[in-house]
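The values are calculated or read from the model by the stated rules, or taken from the named source; none is laboratory data. Note that the coordinates shown come from a computational prediction; the quantities given were computed from them, not determined experimentally. Cβ coordinates were reconstructed from backbone atoms using ideal geometry, including for glycine residues, and neighbour counts include every protein chain displayed. For the accessible areas, the whole protein counts, side chains as well, though only heavy atoms, and no ligand, DNA or RNA atoms are used. Shrake-Rupley method; radii C 1.70, N 1.55, O 1.52, S 1.80 Å.
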Amino acid sequence: MNINEKIKRSDRFYKICLSYMILWFLICVGFIIYSIESRNDFRRLDREGYLYYMNYTGDYYKPEIINALISSDENINHGCSAFFTRNLQGDPISAHNYDYPHRISKDDQTLTGLNIILHCKPSGKYESIAVADAIWCDPDNKFLRAKGPSKSGFDMKILDTLPYECMDGINEKGLFAAIMRVDIKSGDHPAKIPAGSSILLRYILDDCANVYEAINKAFSNKILSPEDWQNEHLFVSDSIGNHAVIESRNNIISVISSDIATNFYLAYDDIEDSYYKNGNLREKAKLFTDKTGKSIYKFGYGHGYNRFITIASQLERFRDNQTGVTQMSESAALVILQSVAQNPMTKPTGISMTQYSAIYNNRQKTLTVWPFQNYEKAYKFDVTGKKSK
């Protein structure tokens, strides 16, 4: 072998080595970037571990995820309170308490919770920011109930269905939606799909730009029928101030123009369905009228009635007699949410547990959330997932 051949072979060797070094370098850099992005995509927000943030980048429209939801028998039996108003700048705002008394275990009845602020931007659909109750992804999972998704051993695949576990949210068009449980009366039919209402909420956030489109989505979509999402109703509002409650009962969809919703049907007068619990009447009726004596709200009767009238009485303090519009500071809206927050000590409004309180600005497309009734600390995000001050 002459000297020229040796030089050529040596050059090829060094080139091969250099190529492998570059490839290895790129793999390492990619891994570092992926690790950084992964940490940024899922992180704890509060010291106590009740609230996290997640940027969901997977395809939650995959058939296996949808089929798992439809076949699930997990029944989300939550209470909630919501209302619509405007802030002092005239922006439409939507306020919501999400209530459910999760416990650590059957043996440990300590109240717990795990809520995740969820950013989604699926291809061809609207970007959104929402709040999910992660425990519903797998109610028996010890990590979820023990607030430990950041601990060693936690499997992120558990959160694959998280976009469908959202209790409220807003999209880039300023459309807000929240779901609230309604009591099933004697003779009524429960939902065919227990997760049907939360699936519908996700479709509304992903596909609808305003209240009108949200109503159409409830009446007509390719997967869900009205019977599929009964025993929940949806509270929706948009960036120009439209708002409505959409509910399904015995395969009949109703749309109600109400600025308040809790946990009973608004399209029906169910006062004849009043019932006793432990020897006491469940709720006490109260009627709001205008100056002429005309009923302001078409009341139903049942779970959440006292919370409904508590909100209604406070909204009247801020209602313009000429326009009928309510307007208040967001701090005043928070006080109303606090007044109907539930815990074992608040028997007048229920004995559930307010997991979080949230205020959405429909025009600014922002979310502000207070976790686990800690009203000293707020977490604010815009619809792109950016944290705001």
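Rounded to the nearest whole Hz, the Karplus-based 3J(HN,Hα) values (6.51 cos²θ - 1.76 cosθ + 1.60, θ = phi - 60°) of segment 216-233 follow the sequence 4, 5, 5, 6, 9, 8, 7, 10, 9, 9, x, 5, 6, 10, 5, 6, 9, 10, with x at glycine and proline. Calculated FRET efficiency, residue 46 to residue 329, Cβ-Cβ distance, R0 = 35 Å: about 0.90 to the nearest 0.05.
Looking at this model, which pairs from 106/147; 173/386; 121/173; 365/387; 157/380; 121/386 are more than 19 angstrom apart at the alpha-carbon?
Details: 106/147 16 Å; 173/386 16 Å; 121/173 13 Å; 365/387 12 Å; 157/380 26 Å; 121/386 13 Å.
Pairs exceeding 19 Å: 157/380.
Taking the Cα centre of segment 172-212 as origin, sum charge times position over the Cβ atoms of Lys and Arg (+1) and Asp and Glu (-1), and report the length of that vector in debye to the nearest 20. Walk me through the numbers on the way to the answer.
Values: 5 positive and 5 negative charges, 24 e Å.
Once rounded to the nearest 20, the dipole reads 120 debye.
Segment residue 156..residue 375, full-extension length gain: 75.9 nm, with 0.36 nm per residue of separation and the alpha-carbon distance subtracted. Remark: segment 187-245 carries 34 Å² of accessible area per residue (probe radius 1.4 Å; ligands, DNA and RNA excluded). Put simply, when 54-65, 372-383, 198-209, 177-188 are sorted by average Cβ atoms within 10 angstrom per residue, most first, you get 198-209, 177-188, 372-383, 54-65.
Only one residue of 116, 97, 164 has its Cα farthest out toward the positive end of the dipole of segment 69-171, where Lys and Arg carry +1 and Asp and Glu -1 on Cβ, and that residue is 116. Along segment 96-101 the Karplus relation, 6.51 cos²θ - 1.76 cosθ + 1.60 evaluated at θ = phi - 60°, assigns HN-Hα couplings of 8, 9, 9, 10, 6, x Hz to successive residues, with x for each Gly and Pro. Remark on segment 107-223: Rg and Dmax equal 16.0, 48 Å (Cα only). Working from label points 7 Å from Cα in the Cα-to-Cβ sense, the residue 387 to residue 296 distance is 4.0 nm. Please work out whether segment 112-181 counts as rounded, prolate or oblate from its C-alpha gyration tensor, where a ≥ b ≥ c are the square roots of the eigenvalues and a/c under 1.5 means rounded, while otherwise a/b larger than b/c means prolate and anything else oblate? Cα axes put segment 112-181 in the prolate bin. For the listed peptides 41-49, 120-128, a ranking on the average number of other beta carbons within 10 Å per residue, highest first, reads 120-128, 41-49.
Within a straight-line Cα-Cα reach of under 17 Å, residue 389 can be paired with the following aspartates and glutamates, leaving aside sequence neighbours fewer than 8 residues apart in one chain: 46, 330, 376. Model label sites at residue 68 and residue 125, defined 7 Å from Cα along the beta-carbon direction, differ in position by 1.6 nm. Spatial offset of segment 71-98 relative to segment 360-389 amounts to 14 Å, using the alpha carbon center of each. Across segment 158-166, computed HN-Hα scalar couplings (Karplus, 6.51 cos²θ - 1.76 cosθ + 1.60, θ = phi - 60°) run 4, 8, 4, 8, 4, x, 9, 10, 6 Hz from first to last residue, x flagging Gly and Pro.
Carbon and sulfur: what percent of segment 132-216's accessible surface (1.4 Å probe)?
Taking all protein chains in place, segment 132-216 shows 47 percent carbon and sulfur surface.
List the relative contact order of segment 71-132 as a percent without decimals, with contacts defined as Cα pairs under 8 Å and 6+ residues apart. Working shown, then result.
Numbers: 65 pairs, mean separation 12.2, N = 62.
20 percent.
A protection proxy built from the mean count of other Cβ atoms within 10 Å ranks the segments 134-146, 89-101, 314-326, most packed first, as 89-101, 134-146, 314-326.
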